[in-house]
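Note sheet for the following structure.
No value in this document is a laboratory result; all are computed from the given coordinates. Being a predicted model, the structure only gives us computed values, none of them experimental. Reconstructed Cβ throughout: ideal geometry from the backbone, glycine too, with neighbour counts over all protein chains shown.
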Amino acid sequence: MELNLENGALLLLIAAVVAMLTRRLRLPYTAGLVAAGIGLALLPFSPTVSFTRDLIFTGLLPPLIFEAAFQLDWQQLRRDLPVVLVLASAGVLLSAGVTTLGMHWLAHWEWLSALVFGVLIAATDPVSVVATFKEAGAHGRLLLLIESESLFNDGTAAVAFAAVAALSVGRAVTPWEMTQTVILMIGGGILCGAAVSAFVLLLAGRTEDHLVEITFTTVAAYGSFLLAEHFHLSGVLATLTTGLMLRNFSLLGSISGRGQEAVQDFWNYAAFVANSLIFLLIGMRVARQNFGLVWVPAAVAIALVTLGRAAAVYPCCLPFLRSTLRVTMRHQHVLFWGGLRGALALALALGLPPELPMRESIVAISFAVVAFSVFVQGLTMAPVLRWAGEISAK
C-alpha cells in the first residue's frame, strides 16, 4: 500500500509522541523512531506502507537535503571546503573500495555484487547524521564538517552508484565513459540547481509575501531535484546547490527578512515530517526483514563499513595536518564514529534491478548496516561528543 493521508496522519501522531518521549529520556529521536516502527510493525493493526525507492528518493529526500543546505553558511563552508571535498570524494572512494574488497574476499561475493554494495553504502547519510548531531548538541566547526560532508558525499555516492549501475545491467562501460558520466552528472546537477535557484531568486526579489516565498522555495527544492533527475543528472547535488544559493546569494534578488524566518520555520517542520516518516518506515521494514540467512555476511559488512569509514577519515585528513585547515584528532574520531548510514543507502538498494545477482542479500544487509548505525552509533554519539569536549556533561 502507498503512503496515503490516513496512514501519514497515524505515523505523524506516533512520531510526535516519540519526539516527546525521547526528549524526556534524552535519547536520540531517530533511534526512538526506528524502535517505534519495529514495535508498530509487530501489532496486528499495523498499517502496511510500501517502503520504496521513489517514496524515499523523490518524495522525502529533497526536503531533507534542501533544509540542511539552507542552514549552511557559505562563508563558513568556504573556509573548510577543501577538507569537505576531499572527504566527500576520495573518502567515499576509499570507503567503497574497502567494503568492496572485503565483501569479495571475506563474504565470498562476486565482484559486481560487492562493488554495487560497496558504492551504495559508502556515503554517510545527511538525514541520520544531521539529526543525530543536532540532537546531541554538536556545534561549531565539527557540526559544519560532518553536516556539509554528509551532504556532499551523498551526491558523490549517488553519482558513483549511477555509473556502477550501468555495469550491473550488463553494459560495457569504459573508464573514459564512466569518467564522462560522473563529470556530466556532477556538473549538470550543479547547473540545474543554479538555474532553478537563480530563477526563484528573481521572482522572490519582487515580493515580500512570506507565503509566496515559502511556495517558491518548495518549488525550488523539488523542481531542481526533478529537473536534474529527468536529464539523468545528480538530483541530490541540484537540490544542495539550490539550498545554498537561496540562503547565501542575493545578487539576483533575495528572500525578505520576514520571509527568511518563515521559510526557516517551514523547512524545519518539513524536515521533521520527512525525518519522522523515513525512520518509522525503516523500523517497520527492519521488523519484517528476514535476517536469518544473512546474519554472517551482515556482521562482516558492518565491520567492513566501519573500517571503510576509518579509511575515509584518517588518511583524508592527513594532507591538512600542517595547515590552518588541520582537523584535530578528536574531531577525526568523531567524524569516524559519526559516519551513519541511512535513507540514501536504502533508496539505492531498493532501486536495484531484480536481475542483479544477490539483490535480496544486498537489500537485507543494507538494512542491517543502517540498523547498526541508528542503534549503536546513534545511541553512543552523545557520549562520544562529551568525550571530545563538544558538548557539556548533563
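For the reader, a short list of remarks on this structure follows.
- For the chain, complete DSSP H runs whose alpha carbons reach 24 Å or more along their own long axis and whose mean Kyte-Doolittle score is -1.0 or higher are 5-25, 74-105, 140-168, 175-204, 210-230, 257-288, 295-317.
- The protection proxy used here, the mean number of other Cβ atoms lying within 10 Å of each residue, ranks peptides 346-356, 10-20, 267-277 as follows, highest first: 267-277, 346-356, 10-20.
- Taken over the Cα atoms of segment 132-262, the convex hull encloses 133 Å³ per residue.
- All Cα-Cα separations within segment 223-319 were binned at 10 Å from zero, giving a P(r) of 12, 19, 30, 28, 9, 2, each value a whole percent of the pairs.
- Overall form of segment 309-394 per C-alpha gyration tensor (a/c, 1.5; a/b vs b/c): oblate
- Shape of segment 38-184, Cα gyration tensor, a/c cut at 1.5: oblate
- Normalised Debye scattering of the chain at q = 0.07, 0.15 Å⁻¹ gives log10 I(q)/I(0) of -0.30, -1.50, counting only Cα atoms as equal scatterers and leaving out solvent.
- Once C-alpha pairs closer than 8 Å and six or more residues apart are averaged by separation and normalised to the residue number of the chain, the relative contact order reads 30 percent.
- Taking the charge dipole of segment 49-143 about its Cα centre, with +1 at Lys and Arg Cβ atoms and -1 at Asp and Glu Cβ atoms, the residue from SER50, THR132, ALA88 reaching farthest to the positive side is ALA88.
- Listed peptides 174-183, 69-78 by packing density, highest first (mean Cβ within 10 Å): 69-78, 174-183
- CD proxy at 222 nm, helix term only [per DSSP H run n ≥ 4: -39500 (n - 2.57); per residue of the chain; nearest 500]: -25000 deg cm²/dmol
- Residue ranges 140-153, 51-64 sort as 140-153, 51-64 when ordered by packing (mean number of other C-beta atoms within 10 Å per residue, highest first).
- Kirkwood hydrodynamic radius of segment 303-344, Cα pairs, Å: 11.0
- Here is the tail figure for segment 214-253: Cα pairs spaced more than 13 Å apart come to 50 percent of all pairs.
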